[in-house]
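The values are calculated or read from the model by the stated rules, or taken from the named source; none is laboratory data. Everything numeric in this text was worked out from a predicted model, so none of it was measured. All Cβ positions, glycine included, derive from the backbone under ideal geometry; neighbour counts span all protein chains shown. All accessible areas refer to the heavy atoms of the entire protein, side chains included, with ligands and DNA or RNA removed. Shrake-Rupley method; radii C 1.70, N 1.55, O 1.52, S 1.80 Å.
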Amino acid sequence: MLPQVPALPDIKGGQMAICEVALRLAGILAPTRSVTSIIRNEAQIPDLKAISPRISPHVLSLEDAPATDFTRIFTGADVVVFSAGAGGKGGPERTLAIDYHGAVKVFDAVEAVEGAKPRLLLVSAIDIRDHSKPFPVHYNEGDKEISRKYADALKTYVEAKYLADKNLIGRTAFKWTILRPGTLLDTPGTGRVSIGRTHLSPGIPRDDVAQTLAHLVDRPDAAGLAIDAIGGESPIAEALDAFIKKGETDWVG
C-alpha cells in the first residue's frame, strides 16, 4: 500500500494558508503516493488542487478539533508529516496553541491509532534547545550571535518548539524523526544541503526542506533522530544517508 502522508496547515500573513513546505512536499509525493492534506478551511483547496489533483484535502482545525478526529484520519496511514506553525501571528497564546499544544495533540493522535501506528515526521527548527544551558560545543561566534538574536526576538516560538520537541523525544509508542531546518528561504532549491552538527547559517530554501522530507518518508531508519539542515554543498540523499548511518542525533536537550 502506498503511504498516506497527511500534511498540516500553517499561518501566513494573518490568513490561514497552506504551509509552503507542506504544499511543496505534497506536490513531490502525489505522483506516486496517496496524500491527504489536512487544512483549516475549504478556501485552501484550490491551492492544493493547483499542485496536484491527486491530493486529497481534509478540512480540520488543529486548534479546535479533538485528537480523536486526527486519529481517525491517521488510521491506516504509513507516515504523518507535521509542518505547522502560528507564524508569529495572534500573539504568544496562539503560538503556544499551535506550535506546542497543536503538535502534542497530533502526537497523542498518532499514539492513539490502534494497531500499526504511522511514523511521524516533525518539522521543527534549528537551535531548538534549552537556552538556559551553555551553547553547544560546535557553535562558532556567528552561531552564538544568531542564537541570541532569535531567542530574544522569537522567545515564545522558541519555547513552544522546544517543549514540543522535548515531548516527542520522550515517546516510544511510535517511530518519529525531527527535521530542524535553518532560516527558510524563498529562493529556488539547489538539491544540496549541510546536515548534522554544522552551523546555524546559511539558510535553506523551502524547496530543499520539502525534498529532504520526501527522502525521509522512505527512511524509517532515521527513527529517533533530530536532524539539523542548512544550505550546503552535499546532495540531499547523500547527506541524509551519511547522517543516518552515523546515528548521532542533533538534539542536545
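Computed values, structure above
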{"read-out": "From the options GLY27, GLY85, residue that is surrounded by 21 or more Cβ atoms within 10 Å (Cβ to Cβ), of a type in the set (Gly, Ala, Ser) and under 18 Å from the mean Cα position of the chain (by Cα)", "value": "GLY85"}
{"read-out": "Residue in the range 63-77 that is closer than 19 Å to HIS215 by Cα and surrounded by 15 or more Cβ atoms within 10 Å (Cβ to Cβ) present", "value": "yes"}
{"read-out": "Pick from the range 114-137, criterion in contact (Cβ under 8 Å) with a residue 60 or more places away in the chain and either open to solvent by 30 Å² or more (accessible area, probe 1.4 Å) or among the hydrophobic types (A, V, I, L, M, F, W, C) (or both), ranking: farthest from ALA229 (Cα to Cα)", "value": "LYS133"}
{"read-out": "Sole residue being among the β-branched types (Val, Ile, Thr), open to solvent by 60 Å² or more (accessible area, probe 1.4 Å) and either in contact with a Pro (Cβ under 7 Å, 6 or more places away or on another chain) or modelled with pLDDT of 85 or more (or both), chosen from ILE51, ILE55", "value": "ILE51"}
{"read-out": "Filtered residue count, the range 178-194, keeping only those that are β-branched (Val, Ile, Thr), within 15 Å of the chain's Cα centre (by Cα) and either more than 28 Å from GLY91 (Cα to Cα) or open to solvent by 30 Å² or more (accessible area, probe 1.4 Å) (or both)", "value": "1"}
{"read-out": "Pair list, Cβ < 7 Å and 6+ apart or interchain, from the range 186-209 residues that are farther than 24 Å from LYS144 by Cα and in contact (Cβ under 8 Å) with a residue 24 or more places away in the chain to residues that are surrounded by 17 or more Cβ atoms within 10 Å (Cβ to Cβ) and acidic (Asp, Glu)", "value": "THR190/ASP208; GLY191/ASP208"}
{"read-out": "Selection from the range 101-129 of residues that are in contact with a Pro (Cβ under 7 Å, 6 or more places away or on another chain) and more than 22 Å from ALA214 (Cβ to Cβ)", "value": "none"}
{"read-out": "Unique residue being closer than 27 Å to PRO202 by Cβ and open to solvent by 30 Å² or more (accessible area, probe 1.4 Å) when the list is ASN140, ASN167", "value": "ASN140"}
{"read-out": "Test: ALA109 is of a type in the set (A, V, I, L, M) and either more than 20 Å from the chain's Cα centre (by Cα) or on the phi > 0 side of the Ramachandran plot (or both)", "value": "no"}
{"read-out": "Answer residue from the range 33-48, given it is β-branched (Val, Ile, Thr) and either part of a strand (DSSP E or B) or open to solvent by 80 Å² or more (accessible area, probe 1.4 Å) (or both) and is farthest from THR75 (Cα to Cα) among those", "value": "ILE39"}
{"read-out": "Every residue from the range 143-163 that is open to solvent by less than 80 Å² (accessible area, probe 1.4 Å) and either among the polar types (S, T, N, Q) or closer than 12 Å to HIS199 by Cα (or both)", "value": "ASP143, LYS144, ILE146, SER147, THR156"}
{"read-out": "The range 24-48, residues that are at pLDDT 85 or above and within 22 Å of ARG94 (Cα to Cα)", "value": "SER37, ILE38, ILE39, GLU42, ALA43, GLN44"}
{"read-out": "Within the range 171-190, tally of residues that are within 18 Å of VAL80 (Cβ to Cβ) and small (Gly, Ala, Ser)", "value": "1"}
{"read-out": "Selected residue (only one of ALA151, ALA160 is out of contact with any His (no Cβ under 7 Å at 6 or more places or on another chain) and of a type in the set (Gly, Ala, Ser))", "value": "ALA160"}
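So that you can scan it fast, the table gives a plain yes or no per residue for (1) touching a Ser or Thr at 6+ places or on another chain (Cβ under 8 Å); (2) more than 23 Å from ALA109 (Cβ to Cβ):
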site: SER147; (1), (2): no, yes
site: ALA151; (1), (2): no, yes
site: ILE169; (1), (2): no, no
site: ARG197; (1), (2): no, yes
site: LEU200; (1), (2): yes, yes
site: GLY224; (1), (2): yes, no
site: ASP241; (1), (2): no, yes
site: ASP250; (1), (2): no, yes
